[in-house]
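A quick write-up on the structure given underneath.
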Amino acid sequence: MAMVDEPLYPIAVLIDELKNDDIQLRLNSIRRLSTIARALGEERTRKELIPFLSENNDDDDEVLLAMAEELGVFIPYVGGVEHAHVLLPPLETLCTVEETCVRDKAVESLCRIGSQMRESDLVDWFVPLVKRLAAGEWFTARVSACGLFHIAYSSAPEMLKTELRSIYSQLCQDDMPMVRRSAATNLGKFAATVESAYLKSDIMSIFDDLTHDDQDSVRLLAVEGCAALGKLLEPQDCVAHILPVIVNFSQDKSWRVRYMVANQLYELCEAVGPEPTRTDLVPAYVRLLRDNEAEVRIAAAGKVTKFCRILSPELAIQHILPCVKELSSDSSQHVRSALASVIMGMAPVLGKEATIEHLLPIFLSLLKDEFPDVRLNIISKLDQVNQVIGIDLLSQSLLPAIVELAEDRHWRVRLAIIEYIPLLASQLGIGFFDDKLGALCMQWLQDKVYSIRDAAANNLKRLAEEFGPEWAMQHIIPQVLDMTTSPHYLYRMTILRSISLLAPVMGSEITCSKLLPVVVTATKDRVPNIKFNVAKVLQSLIPIVDNSVVEKTIRPSLVELAEDPDVDVRFYANQALQSIDNVMMSG
């Protein structure tokens, strides 16, 4: 192709590819827009590429999404901030499409571009765009407009600011619930840019409208706005305007709204200060903890620790603890599970006396819960209680529950407990572990379920890492080696797996003296599955032991296995011999 035509080439290819039926080609060309823009240069990008993209009426959402994303970082390719406004038309079109994720991405890109534009350009280009979208015939345009006000507002002159506030107010009363939802979602961002004089008048009246909306989906988004607005207002205004709304919302007829309040309540406590929290928000929170909808109780129970941190211990014991006791025997397992996952955090807040008197009985009732998730949530957070009440008290009350879980008839419960054992071991210390949990760890190696046996072998390795090789030499290795003569070949396989995992932790000397002889003996096993696993284990031991041991002990065993009648045994033995040769050659 002649040099003269060279600059035309990228745009021609782009046009061809964007009209191609293959969506992947169209996507690739959109993702390469920055490269094409660099090839075209800034001026031609502005004059040819961007107008072409504005007219490109691709109907595939994936392509449009990629385009919305690319245009957000396009300012350098059109000649910098002074030309940023040329990127607005294609994005404005994308703000009106039907697919939500495309619109959201277009709004995000417009916000990114708008935040870099010069003030005069914002007034000339960006504010009119927001007004056009807000007056759009299709609700999609109006939904997108709500997300742009906070960028447009701050640089607008006084007249325009008044107009923007009144447009936003109209959007909050739009006929379409989707538009009102978007206005409610973005109210916090918009309010953050509005001057404090108008915050109390205009914004609060808008907020008031949203809180009385007949659609619960709009009201629950207004709840989210409560926390954002609460942070902007002075505490006394917050008490006057936001607090009554929240108290009403906590009794809303829609459980979804109450659910949102339960999630947001502790953030509002920070906004209104300690006194109103005690008089108004604590009763509201107690109501939510006793709500008749399980979902609301779950949300409230999940925030119980955060809420208690804001209150004094006396208040927490007086008001919140009675509810917590009720929740610990709630009819819904999900409520109990949510409570179990956070209740441990209450121990440091309440202190030692109150924890022993009030919380410990609740922990124990949750540890005996019929649902394993509830019990496991308690066990996984034990360290927080351990710091408060000490190991002795904890172990007396805790052990029976752990033993019960370790022998649960559901293998997934046993599996989850095994995964917590190293954590428990490090929390509860070596002495406690040896007395109480050591036997359990060995018992799991002979479980009927493979996943449990495998996890038990991994567990031994993690314990050896936690407590060190000397401890493992005394407490793990002898018991493991005793089990090598188990009559069942599956259990013998688990022992081989344990040995291959423990060897790297135990080091060369113990591996040679204790572990290797057991593996070599197993080469004489009558079950082929054992023998080819022996070959794999021997291969894993090669890097751990000295070369002399490899030549004297490992190689002869593998040579013998390489002549085994079973094809798999021969295959793995030859593979291991090959890796010995590789090590020798590289060494």
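The values are calculated or read from the model by the stated rules, or taken from the named source; none is laboratory data. Remember, predicted model here, so these are calculated numbers, not experimental data. Glycine gets a Cβ as well: all are built from the backbone with ideal geometry, and neighbour counts include every protein chain shown. Heads up: the accessible areas ignore ligands, DNA and RNA and are worked out on the full protein's heavy atoms, side chains in. Shrake-Rupley method; radii C 1.70, N 1.55, O 1.52, S 1.80 Å.
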Quiz item: With (1) in contact with a Lys or Arg (Cβ under 9 Å, 6 or more places away or on another chain); (2) surrounded by 15 or more Cβ atoms within 10 Å (Cβ to Cβ); (3) at pLDDT below 80 as the list, and A455 as the residue in question, which single condition is left unmet?
Solution: (3)
Quiz prompt | Residue list for region 501-538, restricted to those being at pLDDT below 80 and among the polar types (S, T, N, Q) | solution = S508, T511, S513, T521, T523
Self-check item: Selection status of V537, touching a helix residue (DSSP H, G or I) at 6+ places or on another chain (Cβ under 9 Å) and within 19 Å of L502 (Cβ to Cβ)
Solution: yes
Practice problem: Among the candidates L315, L366, L311, single out the residue that is of a type in the set (A, V, I, L, M), free of Cβ contacts under 8 Å to residues at least 40 places away in the same chain and out of contact with any Cys (no Cβ under 9 Å at 6 or more places or on another chain). | Solution: L366
Exercise. From (1) modelled with pLDDT of 80 or more; (2) loosely packed, with under 12 Cβ neighbours inside 10 Å; (3) assigned to a helix (DSSP H, G or I), pick out the condition that doesn't hold for R570.
Key: (2)
Quiz item: With R118, R165, R103 as the choices, which residue is farther than 19 Å from A191 by Cβ and over 30 Å from the mean Cα position of the chain (by Cα)?
Solution: R118
Quiz item: Within region 394-416, which residues are open to solvent by 30 Å² or more (accessible area, probe 1.4 Å) and either polar (S, T, N, Q) or at pLDDT below 65 (or both)?
Solution: Q396
Exercise. Search region 29-42 for residues that are buried (at least 21 other Cβ atoms within 10 Å of the Cβ) and pair each with any residue that is modelled with pLDDT of 75 or more and of a type in the set (G, A, S) when their beta-carbon atoms are under 7 Å apart and the residues are at least 6 apart or on different chains.
Key: I30/A66
Quiz item: Yes or no: S540 of a type in the set (G, A, S), part of a helix (DSSP H, G or I) and farther than 18 Å from K514 by Cα?
Solution: no
Exercise. Could you list all residues from region 463-508 that are among the charged types (D, E, K, R) and surrounded by fewer than 20 Cβ atoms within 10 Å (Cβ to Cβ)?
Key: E465, E466, E470, D482
Quiz item: Are any residues in region 543-556 in a helix (DSSP H, G or I) and under 15 Å from S500 (Cβ atoms), and if so, which ones?
Solution: I554
Quiz item: What number of residues in region 354-363 are modelled with pLDDT under 75 and hydrophobic (A, V, I, L, M, F, W, C)?
Solution: 2
Practice problem: Considering only region 144-155, state which residues are surrounded by 19 or more Cβ atoms within 10 Å (Cβ to Cβ) and outside any helix (DSSP H, G or I). | Solution: G147, L148, S155
Exercise. Could you list, in sequence order, all residues of region 166-185 that are surrounded by fewer than 21 Cβ atoms within 10 Å (Cβ to Cβ) and not aliphatic (A, V, I, L, M)?
Key: S166, S169, Q170, Q173, D174, D175, P177, T185
Self-check item: Residue under evaluation A472, criteria (1) under 16 Å from A406 (Cβ atoms); (2) in contact with a Leu (Cβ under 8 Å, 6 or more places away or on another chain), criterion not met
Solution: (1)
Quiz item: Any chance region 367-380 includes a residue that's surrounded by fewer than 20 Cβ atoms within 10 Å (Cβ to Cβ), within 30 Å of E407 (Cβ to Cβ) and either among the acidic types (D, E) or touching a strand residue (DSSP E or B) at 6+ places or on another chain (Cβ under 9 Å) (or both)?
Solution: yes
